[in-house]
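The values are calculated or read from the model by the stated rules, or taken from the named source; none is laboratory data. Owing to the predicted nature of the structure, the values given are computational and were not obtained by experimental measurement. Here the Cβ is made from the backbone with ideal geometry for all residues, glycine too, and neighbour counts use every protein chain on show.
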Ligand code: SAM
Ligand code: SF4
């Protein structure tokens, strides 16, 4: 969720294989920053490049094409991109001396927000394209090869989801047993601190039929868990097969019928769009995991109003009570911003008290970062950096205590774990609990892609340690996909 390079790893590395094989072909190295939607977009870029003969690599040294898929949410995230571009310039010059090509592209939200400015600050960049333009990558590359920097940041209304060729079954399988699926994009909420409505554009929802087709393709290739993505995912209102707009609850019900899709998640939700139908889905559908990321940002009504969140502290607390009534064991997580312009110590204390009152399983905490063009950036009473940093530390300490307490409450419990990939040490696998915790277990690699019961024995700062309760690995062969490993 922050501007750090995402934890997504190239497919071969996720499978624990060497990636040396890809060097014989043209290869693309994509570095993904920021949110899960960027991870999804990076995969779509790879898919768009397949017809041009490119394969994904995790070796920057051999890549013929390097794309930075960027995040603009905070200043630090954007600045990291420029320092990375400095490094790439040197590599590109070295390559040129060897007579080899290395195209450099900047994609994502920094590209959208800064456009031409990127070419001015980093002339070694060949192409700059925003999140609504990646489906035109083949044509953009053709123009970039002519030697003029290309900038593509239009919102042209094409259905990019349909233009990019669907990934082959093998490519889906190589990406793992869990997958992201964008169902909604853009945002009309205009929180005063946030760049998303400007970089991702107005809210659109993909039609139910298209989402379903993509989910079925994923499941047929062996994907067991899908996370539906949207900047405001619970505001989903895609056209249903009956020609009427379907809400996220309806969509989840339909997806729960897809054979092989055992687990469904969605992120990120806005408190105002958490309707009764979605709560009923959490109550009724075993496929919908007991986990909800529901950002609140602040515990102070005055700050929430200044942020244009359009709900109060009390609205949020009442909503949490309704969610817990529907699904008592649900793990709630949130985002918080400290040091929003004008935030007093007393207002910050209201955020701490909200955290105490709710009890979160985890949370992302951020120091406010003024973003050019957003209303909050021009407010006069910006909070002193040192004050913001000190508040951040206090909030993080509280959130960490809650996260550790939540993890500790799992010790002795038996959880269903979906095994995703090899662990750090031979003989270990890493999986996910229903509450999205990483679980490390001694188990055979053949179990990747299966769900098994695991008793939790111990906790680590970012994971749970457990042992398998019962034996036989379920067949991973979903719709004839064959063994996983
Ligand atoms: N749509 C989601 C929502 O409604 O909360 C989140 C979108 S944003 C990609 C992820 C998080 O980044 C936000 O929830 C917020 O906490 C944080 N964020 C956004 N703009 C920020 C800013 N200017 N400074 C600090 N944090 C920011
Ligand atoms: Fe940004 Fe607010 Fe939209 Fe979330 S709801 S993407 S924080 S404007």
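Structural remarks
- Condition broken by residue 167, with the remaining ones in (1) part of a helix (DSSP H, G or I); (2) under 30 Å from residue 446 (Cα atoms); (3) out of contact with any strand residue (DSSP E or B) (no Cβ under 8 Å at 6 or more places or on another chain) satisfied: (1)
- Residues in the range 198-216 that are under 24 Å from residue 133 (Cβ atoms) and assigned to a helix (DSSP H, G or I) were compared, and the one that is nearest to ligand 1 (Cβ to nearest atom) is 199.
- The criterion of being in contact with a helix residue (DSSP H, G or I) (Cβ under 9 Å, 6 or more places away or on another chain) and either crowded, with 20+ Cβ neighbours inside 10 Å or assigned to a strand (DSSP E or B) (or both) holds for residue 441.
- Filtered residues of the range 279-304 (kept if within 15 Å of ligand 1 (Cβ to nearest atom) and touching a residue at least 12 places away in the same chain (Cβ under 8 Å)): 292, 293, 294, 295, 296, 297, 298, 299, 300, 303
- Whether a residue is touching a residue at least 40 places away in the same chain (Cβ under 8 Å) and either in contact with a strand residue (DSSP E or B) (Cβ under 6 Å, 6 or more places away or on another chain) or over 24 Å from residue 33 (Cβ atoms) (or both) was assessed, and residue 131 does not pass this test.
- Whichever residue in the range 253-267 is in a loop (DSSP other than H, G, I, E, B) and buried (at least 20 other Cβ atoms within 10 Å of the Cβ) and, among such residues, is farthest from ligand 1 (Cβ to nearest atom): 262
- Out of 180, 155, sole residue that is closer than 30 Å to residue 450 by Cα and either assigned to a helix (DSSP H, G or I) or under 26 Å from the mean Cα position of the chain (by Cα) (or both): 180
- Once the range 340-364 is narrowed to residues that are closer than 23 Å to residue 386 by Cβ and crowded, with 22+ Cβ neighbours inside 10 Å, the residue that is nearest to the chain's Cα centre (by Cα) is 363.
- Only listed residue being assigned to a helix (DSSP H, G or I), free of Cβ contacts under 8 Å to residues at least 60 places away in the same chain and either surrounded by 19 or more Cβ atoms within 10 Å (Cβ to Cβ) or touching a helix residue (DSSP H, G or I) at 6+ places or on another chain (Cβ under 8 Å) (or both), chosen from 67, 118: 118
- Subset of the range 121-139 (residues that are more than 20 Å from the chain's Cα centre (by Cα), in a loop (DSSP other than H, G, I, E, B) and crowded, with 22+ Cβ neighbours inside 10 Å): 125, 126
- Residues of the range 1-51 satisfying the condition of being touching a strand residue (DSSP E or B) at 6+ places or on another chain (Cβ under 6 Å), modelled with pLDDT under 50 and within 19 Å of residue 111 (Cα to Cα): 1, 3, 5, 6
- Residue 148 being assigned to a loop (DSSP other than H, G, I, E, B), in contact (Cβ under 8 Å) with a residue 40 or more places away in the chain and closer than 14 Å to residue 104 by Cα: no
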